[in-house]
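Just below is one structure, and these are the notes that go with it.
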Amino acid sequence: MAFRLTCKEASKLISDGMDRRLSVPERIRLRLHVSICDACTRFTSQVAFLRRALKAFPGRDDPEGR
Amino acid sequence: MRFALLQLRDRSAAEDAVQEALLAAIQGASRFAGQSSERTWLVGILKHKIVDNVRKASREQPIESLEDRGEDLDAFFSDDGHFAEAPQQWANPERSFEEKGFFDALERCLQSLPRNTARAFTMREVMGLETDEICKELRISTSNCWVMLYRARMSLRACLERTWFLAGSGRAG
């Protein structure tokens, strides 16, 4: 990996960051990338949205218990 | 029931899990001190039963020996590592929770994931398990687990964008 991340590398780190603590270099490189990348900025908020949606999911079961 | 079915991908196993959860609920009813709503309490018991069930199933299934490097995920990117299709702006995503059909769309997207990917992802996001617990249950390495969760997020994000946010189904604005 070069110092500058590609979107492919950045999106993996964004996902990993939801499951483990990123290292300091990982966080610095990710922050640099996201600060100049609209696609990865959206990706970040969308995977966070997915987490909220999945949390709300079981409560949405239909009442008749299909 | 829908929740159990999603996780177990097998109607009879899902029905068993729900039944076991209800039995456990009846047996434990005296200990239920009313600190949470009955629904939350039942879903909590159901989660435990599903974890039991997944554990049993993964004991019966052969272990996947191949390392999952997520090669299939290359399709989301161009050769130089850019998004092949950049994520679009989603208008008012939080409002989707109130909209009829959103959770059906989400469920359809979850159903389209590979079985183990969907399992790992719902264990992580619905049940809130840590990745080391998930790896242990599914008997995969930690890095495999992260790749699976990454695949789930990439696929679900793209699927919801295609079938919900840009499809305009039932959405205003």
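The values are calculated or read from the model by the stated rules, or taken from the named source; none is laboratory data. Values in this document were obtained by computation on a predicted structure and should not be read as measured data. Virtual Cβ from ideal backbone geometry, glycine too; neighbours counted across all protein chains shown.
Every residue, every condition in (1) among the hydrophobic types (A, V, I, L, M, F, W, C); (2) touching a helix residue (DSSP H, G or I) at 6+ places or on another chain (Cβ under 6 Å), yes or no:
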{"site": "B:68", "(1), (2)": "no, yes"}
{"site": "B:74", "(1), (2)": "no, no"}
{"site": "B:86", "(1), (2)": "yes, yes"}
{"site": "B:96", "(1), (2)": "no, yes"}
{"site": "B:115", "(1), (2)": "no, no"}
{"site": "B:120", "(1), (2)": "yes, yes"}
{"site": "B:129", "(1), (2)": "yes, yes"}
{"site": "B:132", "(1), (2)": "no, no"}
{"site": "B:144", "(1), (2)": "no, no"}
task = Identify all residues within region B:119-164 that are within 18 Å of residue B:48 (Cβ to Cβ), among the basic types (Lys, Arg) and more than 9 Å from every other protein chain (Cβ to nearest Cβ); write none if there are none.
result = B:119, B:136
task = Please enumerate the residues belonging to region B:112-121 that are assigned to a helix (DSSP H, G or I) and at pLDDT 90 or above.
result = B:117, B:118, B:120, B:121
ask   = Quick check, is residue B:30 modelled with pLDDT under 70, in a helix (DSSP H, G or I), touching a Leu at 6+ places or on another chain (Cβ under 9 Å) and at negative phi?
value = no
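Could you grab me the full set of residues in region B:73-96 that are under 20 Å from the mean Cα position of the chain (by Cα) and surrounded by fewer than 13 Cβ atoms within 10 Å (Cβ to Cβ)?
The answer is B:94, and nothing else.
Do you know which residues across region A:3-32 are among the hydroxyl-bearing types (Ser, Thr, Tyr) and outside any helix (DSSP H, G or I)? Working first, answer last.
Here is the first cut: in region A:3-32, the residues among the hydroxyl-bearing types (Ser, Thr, Tyr) are A:6, A:11, A:15, A:23.
Scanning region A:3-32 gives A:6, A:23.
Do we find that residue B:59 is modelled with pLDDT under 75 and either over 21 Å from the mean Cα position of the chain (by Cα) or under 30 Å from residue B:147 (Cβ atoms) (or both) in this structure?
Working: modelled with pLDDT under 75: yes; either over 21 Å from the mean Cα position of the chain (by Cα) or under 30 Å from residue B:147 (Cβ atoms) (or both): yes.
Yes: the conditions hold for residue B:59.
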ask   = Quick check: is even one residue across region B:118-136 touching a residue at least 24 places away in the same chain (Cβ under 8 Å), assigned by TED's automatic domain parsing to the domain that holds residue B:75 and surrounded by fewer than 16 Cβ atoms within 10 Å (Cβ to Cβ)?
value = no
